[in-house]
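First, the structure itself, so that you have it in front of you.
The values are calculated or read from the model by the stated rules, or taken from the named source; none is laboratory data. Nothing here was measured: the structure is a model prediction, and the numbers come from that model. Glycine gets a Cβ as well: all are built from the backbone with ideal geometry, and neighbour counts include every protein chain shown. These accessible areas exclude ligands, DNA and RNA; they are computed on the full protein's heavy atoms, side chains included. Shrake-Rupley method; radii C 1.70, N 1.55, O 1.52, S 1.80 Å.
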2 protein chains.
Amino acid sequence: MSDKPPADTPKAAKLGIIAGDGGLPRRLVDSCLAAGREVFVLALEGAAEPAAVEGVAYAWCRLGAAARGLALLRQNNVTDLVLAGGVRRPSLAMLRPDWRAAKFFARVGYKALGDDGLLSAVVSEFEREGFRVIGADELLAAGLAPEGPLGHHRPDAEALADIEHGQRIASALGSLDIGQAVVVQQGLVLGVEAIEGTDALLRRCADLRRDGPGGVLVKVEKPGQEQRADRPTIGPQTVALAAAAGLRGIAIEAGATIVLDREEVAHTADRAGLFVIGIRRR
Amino acid sequence: MSDKPPADTPKAAKLGIIAGDGGLPRRLVDSCLAAGREVFVLALEGAAEPAAVEGVAYAWCRLGAAARGLALLRQNNVTDLVLAGGVRRPSLAMLRPDWRAAKFFARVGYKALGDDGLLSAVVSEFEREGFRVIGADELLAAGLAPEGPLGHHRPDAEALADIEHGQRIASALGSLDIGQAVVVQQGLVLGVEAIEGTDALLRRCADLRRDGPGGVLVKVEKPGQEQRADRPTIGPQTVALAAAAGLRGIAIEAGATIVLDREEVAHTADRAGLFVIGIRRR
C-alpha cells in the first residue's frame, strides 16, 4: 500500500465496531490502526474485553441501551458498522431495554426469534437507521477459512467419517438455531453446543472422551445465518482447548468460518498434533 | 394380590436383569422380591450401582464379555430378560469385545449405529438367543407418566411456550439419535443433552440460566426408540437437580417416560415449587 491513497480513491469512512466477546473486535481495531482508518468502538458491557478499546475512541454501552448506543455512534460520525464477537443473549428481564430497544423488540418480537433471527433483525435495524453494516471477514485480510488443511496434519479415514457425521448433525442443529458446533468421537456425539459456546463445549468434552482415537470438533454456519454477525469463528484458543479435550482435530467450513491468527492456529495445531481443516459446505 | 397365585396361573418365570446405571435396576429387584419372583442380576461393570445386586443372585460382567454374559444368564436359568438403566456407550477400543460380541458387531456394525440403533440390535440379539425381552415399565406398577401434572404446581403460559419449543427441539435431536433432553428458558435453548446424560445437563444449566422466570427441562422419547431399553426416565434426583439449576419445572411425555418413585417425585417437586407434567407425544 502506498502512504497516500490516489486522488480518485476516497478515504475509507470511519469504522464503528460494536464489540462483543472474544478476540475479534481487537483484531479489527488493529487492522484499522494498521490501515490508518479511523475507528470508534462501542463496547458492550458484560461482553467486550477491555483490550478491545485500548488506544482508540470508545464508549461502553449496555446491550439494552439502544438509544444511547445509536446516539454515541452518530456523535462519533460513524456510518460504516461492524458487529464483532459474540454476546451471551440475556433474558428480556436482564436486558432492561430502554424505549428504543423496547420499540425494536415490540416490532420484531424477542422470544419469537432465535439467536440468528434476532441478529438478522438487529442488522436490519442498523440499516434502517442509515448505517452500512459490513461483515468482519470483509475487513480482515484472508479472514475466512480456505478449503484443505491449515497446518501439517490431516484427518485419517476415521476422522473423516466423524467429520461427515458431525457436519450433518451440526447443520441440523443450526437449522434449529441451537448452536454451531458439535464434538464427535468414533461416531458418538460427545457434546452439542447450545448457549454455552464452543469453548465451554470443548472443556466439558474433556471428561466425556472415550478411549481410542480422539474425536473431532465440527463447527458450521447455521443455514440462513446472517453473515454479517456471529459468523463461526475459531482461533488459537479453540485449538488449545481441542487439544486439551483429547481431540484429533477441527473441521470448519471453507469460505464460511473466520480464522483468527491463521498462522498461530496452524502453528498451535502442528505442535499439538491436531489437524485443522476447511471442508466444503454441505 | 393374594399370597398364593391361583392354581391355573403359572408362576412368573425367573427374571434376568441386565443392570446399567441409576436406580431403575434396584427398583426392579425390589419389585421382584415383593412379588416373590426369582431374579438374577447381571451387573454391568462401570455402570451398575452395587446396591442393585444386594440380597439377590448376581454376577458382574464386562460390557464386551458377551459370551460370558450369555453363559451366566443360561446357567441361572433366565428366560425373561429386562435391560434396565443406562450405559455410557464406550468406544470400541474401550469395549474390548470378546469373540461373541465381535461376531455381533461384525454383523450389525458398531460405528454405523447410533445409540438407539445399537440398543435395538442388542434386544434383537437376545431374542435370537431365545430370551424374552420385556420393558422395565411393564414390570413396574404405574411406571409410565400419566398425562397432566404429577404434583400441585402447573406451568403458566410462558412455561408452556418453553415446553412446546423444547419438545419440538428434543424430538428433532432424538431423530438424530443425539439425546433425549433439552433445557429451554424464555425461548432460549440453554443446553442440549448428548452423551453426558440428563443429570450432567442439569448441573451445567445452573451456570447458564438467565434472570427472570426459570427454564424447563423437556425429556422425550426418541422417535422409533426401542421401547424395551433406555426409555426416558426421571426420578426424585432429576427433580432435585432441576430445582438446583433454577428451573421451574419438568415436562415428560405421557405414556412414554418411566417415573421412578412417583410419590417422592411429586413431593420433591411440591416442596421445591416445581411442576412435573406429563404432556402428549407430538
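What number comes out for accessible area per residue over the stretch B:14-156 if the probe is 1.4 Å? Units Å², please.
46 Å²
Please report the antiparallel percentage of the DSSP beta bridges confined to chain A, to the nearest 5.
Percent antiparallel among DSSP bridges in chain A is about 30.
If I fit a long axis through the Cα atoms of helix B:24-35 and take the longest principal axis of the Cα atoms of chain B, what angle between them do I get, 0 to 90°, rounded to 10?
Between helix and principal axis, roughly 60 degrees.
Using a label point 7 angstrom from Cα along Cα-to-C-beta, what distances in nm, from shortest up, separate A:G109 from the other copies?
Spacings between copies for this position, smallest first, are 3.8 nm.
Measuring nothing but label to label, 7 Å from Cα along Cα→Cβ, what are A:A59's distances to the other copies in nm, shortest first?
7.7
Take the rotation relating chain B to chain A, measure from its axis to every Cβ in chain B, and name the nearest residue with the distance in whole Å.
Per the B/A rotation axis, the closest residue of B reads B:V192, 2.
Could you work out how far helix A:66-75 tilts from the main Cα principal axis of chain A, as a 0 to 90 degree angle to the nearest 10?
Helix A:66-75 sits at roughly 70 degrees to that axis.
Near the amide H of A:G179, under 5 Å away, which other amide H atoms are found, from residues 5 or more places off or on another chain, if H is placed in the peptide plane?
A:G174
As I understand it, the dipole of the stretch A:71-213 uses +1 on the Cβ of Lys and Arg and -1 on the Cβ of Asp and Glu, about the Cα centre. Which of A:L119, A:G166, A:P146 lies farthest toward its positive end?
Selected residue: A:L119.
Ok, one more. Quick query: amide H of B:T233 versus all other amide H atoms, modeled in the peptide plane; which residues come in under 5 Å with a sequence gap of 5 or more or a different chain?
Those qualifying (amide H under 5 Å, at least 5 residues apart or on another chain) are B:I258.
For A:A35 and A:D207, calculate 0.36 nm times their separation in residues minus their Cα-Cα distance, and state this gained length in nm to one decimal. Before the final figure, lay out each step's value.
Details: separation 172, 0.36 × 172 = 61.92 nm, distance 4.41 nm.
Extra length from A:A35 to A:D207 when fully extended: 57.5 nm.
Sticking with this structure for a sec: Please list the non-local residues whose amide H lies under 5 Å from the amide H of A:R210, H modeled 1.01 Å from N, same-chain partners needing a gap of 5 or more.
Here the answer is none, since no amide H 5 or more places off falls under 5 Å of that of A:R210.
Please find the FRET efficiency linking A:A244 to B:E164, where r is the Cβ-Cβ separation and R0 is fixed at 25 Å, and quote it to the nearest 0.05.
It comes to 0.05.
Measuring from a point 7 Å out along Cα→Cβ, what nm distances, shortest first, does A:E263 have to its partners in the other copies?
Copy-to-copy label distances for A:E263: 7.2 nm.
Just to confirm a number: summing +1 for Lys and Arg and -1 for Asp and Glu over residues other than A:L70 whose beta-carbon lies under 12 angstrom from that of A:L70, what do you get?
That works out to +2.
Here's something else I'd like to know. Please determine, in degrees from 0 to 90 and to the nearest 10, the orientation of helix B:99-108 with respect to the longest principal axis defined by the Cα atoms of chain B, where the helix direction is its Cα long axis.
Its long axis makes an angle of about 50 degrees.
Per DSSP H run of n ≥ 4, the term is -39500 (n - 2.57); total these for chain B, divide by its residue number, and report the mean residue ellipticity at 222 nm rounded to 500 deg cm²/dmol.
For chain B, the value works out to -10500 deg cm²/dmol.
Could you tell me what percent of the accessible area of the protein assembly as shown is made up of carbon and sulfur, with a 1.4 Å probe and every protein chain present? Display every interim value, and only then the final one.
Working: 12440 of 24010 Å².
Answer for the protein assembly as shown: carbon and sulfur cover 52 percent of the accessible area.
Same structure, new question: Just to be sure I follow the definition: excluding the sites themselves, where is the longest run in chain A that has none of the GluC sites (Glu not before Pro) in a DSSP loop with at most 15 other Cβ atoms within 10 Å?
Segment A:148-282 is the longest.
In addition: Over the protein assembly as shown, how many pairs of lysines fall under 27 Å by alpha carbon, counting only those 8 or more apart in sequence or from different chains?
Lysine pairs meeting both conditions in the protein assembly as shown amount to 16.
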